[in-house]
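The block underneath contains the structure these notes are about, expressed in structure tokens.
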Amino acid sequence: MKKILLLSTGGTIAAVHGADGLVPALQAEDLIAMVPELAGICEVECRSILNLDSTNMHPEDWKFIATSIMDELGAYDGIVVSHGTDTMAFTSSMLSFMLTNIDKSVVLTGSQVPLVEPGSDGRRNILDAFSVAATGRPGVFVVFNGKIIRGCRAVKVHSARLDAFSSVNQSEAGRVEGSNVVFRQPAELPVSPRHLDIRMDERVFLLKLVPGIDASIIDFIREKGYKGLVIEGFGAGGVPNSRQDLLDAIRRSVDAGVAVCITTQCLYDGCDIGIYDVGIAAGKAGAVSTFDMTPEAVVTKLMWVLGHSHDPAEVQRMMLEDYCGEIDPGYRTRLSALVREISDGDRA
Ligand code: ASP
């Protein structure tokens, strides 16, 4: 029988009703005790490493979780991490970068309803997560409501529904159907031995554009010492160019050594700043397009990349390199094919 370790970190799955609302309180042993069917899947060991509402999770916690996983992985066939859903996509993205060449399954899960409540989705999610971990499929995954999603592609899309996560800009890695784990993507085997790489620089800011935004915010972010700025532009990655001030502020930041990346406010299809003049102008000001990466992946990747280099050319090279399936090197071709397909469909 496979041996799987649960590392619990808190979240709704571990929450109870306290005087001031839901707070994580259950320990890893409590979670395991409440899902006795696990004994039919694998041998289980567990450890509580944090007990946080994931809203309170900080970059230092990602390092701690990654280190805890790597310390234990050799002794187990896989690891399940129970985690709050609200920032799970940030953690799963960052773990995907930090757990380099991972050769076993690391599976994050949680629930929308506390495990102590009747009808909680936590029971199913825990069972599914252990079933996936026991397959040994290499990689970091989020398993939730039957979906198996690559860690760097997960986005929380519902704040209340049980189907909380989507796999964004990549098909799901698979599904758990009853007690069967069905992968829909081929396994990707690591090319070299696994290692922990927790170097990062958390001085990254995510700025969502609104019409009429004051360009001095970009200067303020730079003056506060941020080394990376991710701008959520409009649509395909547009940044207003009818006023020169935003572009000038981007250029000032780039010239001062800030890595400026553009993502999109649209959940699906990604961005390419090479399409419209409102994107090309941002590119000329020194911003980099992030194509089909999720905003969670862009932010955590930029922190991780800046932990390795602050050289602008190297940062740009690393941002566009695919480390764990977070970016599709053929994105532009795929996007053109999609646009053609849509216009052919409209004409038909
Ligand atoms: N606020 C909770 C958390 O992220 C929500 C959840 O777990 O579903 O920890």
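Quick look at the values:
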read-out: Pairwise centroid distance, computed over Cα atoms, of the range 257-305 with the range 330-344, Å; value: 19 Å
read-out: Relative contact order [Cα under 8 Å, 6+ residues apart], the range 23-141, whole percent; value: 28 percent
read-out: Taking all pairs of distinct alpha-carbon atoms in the range 235-295, Kirkwood radius in angstrom; value: 11.4 Å
read-out: Whole-number accessible area per residue in Å² for the range 143-207, which is evaluated in the context of all protein chains at 1.4 Å; value: 51 Å²
read-out: Relative frequency of Cα-Cα separations exceeding 31 Å in the chain, percent; value: 35 percent
read-out: Per residue, in Å², the accessible surface of the range 1-115 once ligands and nucleic acids are set aside, probe 1.4 Å; value: 35 Å²
read-out: Net charge dipole size for the range 45-90 [Lys, Arg +1 and Asp, Glu -1 on Cβ; Debye, nearest 20]; value: 40 debye
read-out: Residue among L206, V315, A19 farthest towards the positive dipole end of the chain, charges placed on Cβ; value: V315
read-out: Dipole in debye (nearest 20) - the chain, about Cα centre, beta carbon charges: Lys, Arg +1; Asp, Glu -1; value: 420 debye
read-out: Reachable lysines, given that their alpha-carbon falls under 26 Å from the alpha-carbon of K3 and they are not under 8 places away in the same chain; value: K63, K104, K147
read-out: Protection proxy ranking of 94-102, 233-241 - average other beta-carbon atoms within 10 Å, highest first; value: 94-102, 233-241
read-out: Protein accessible area in the chain, 1.4 Å probe - carbon and sulfur %; value: 53 percent
read-out: Considering only the chain, percent of DSSP beta bridges that pair antiparallel, nearest 5; value: 35 percent
read-out: Cross-link partners of K284 among aspartates and glutamates (Cα-Cα below 19 Å; sequence separation of 8 or more within a chain); value: D219, E232, D245, D248, D255, D272, D311, E314
read-out: For the range 85-100, 3J(HN,Hα) per residue [Karplus equation, 6.51 cos²θ - 1.76 cosθ + 1.60, θ = phi - 60°, Hz, x = Gly/Pro]; value: 7, 5, 10, 4, 5, 5, 5, 5, 5, 5, 4, 4, 7, 6, 8, 6
read-out: DSSP-loop GluC sites (Glu not before Pro) across the range 165-204, with at most 10 other Cβ within 10 angstrom; value: none
read-out: Heavy-atom accessible area order for R124, R194, R153, largest first, 1.4 Å probe; value: R124, R194, R153
read-out: Peptide ranges 111-120, 130-139 listed from the most packed, as the mean C-beta count within 10 angstrom indicates; value: 130-139, 111-120
read-out: Highest-MSF residue in the chain out of G212, G257, G307 [GNM, Cα springs under 10 Å]; value: G212
read-out: Over the chain, relative contact order from alpha-carbon pairs under 8 Å, at least 6 apart, %; value: 14 percent
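The values are calculated or read from the model by the stated rules, or taken from the named source; none is laboratory data. Remember, predicted model here, so these are calculated numbers, not experimental data. Ideal geometry is used to build each Cβ from the backbone, glycine not excepted, and the neighbour counts take in all protein chains shown. Heads up: the accessible areas ignore ligands, DNA and RNA and are worked out on the full protein's heavy atoms, side chains in. Shrake-Rupley method; radii C 1.70, N 1.55, O 1.52, S 1.80 Å.
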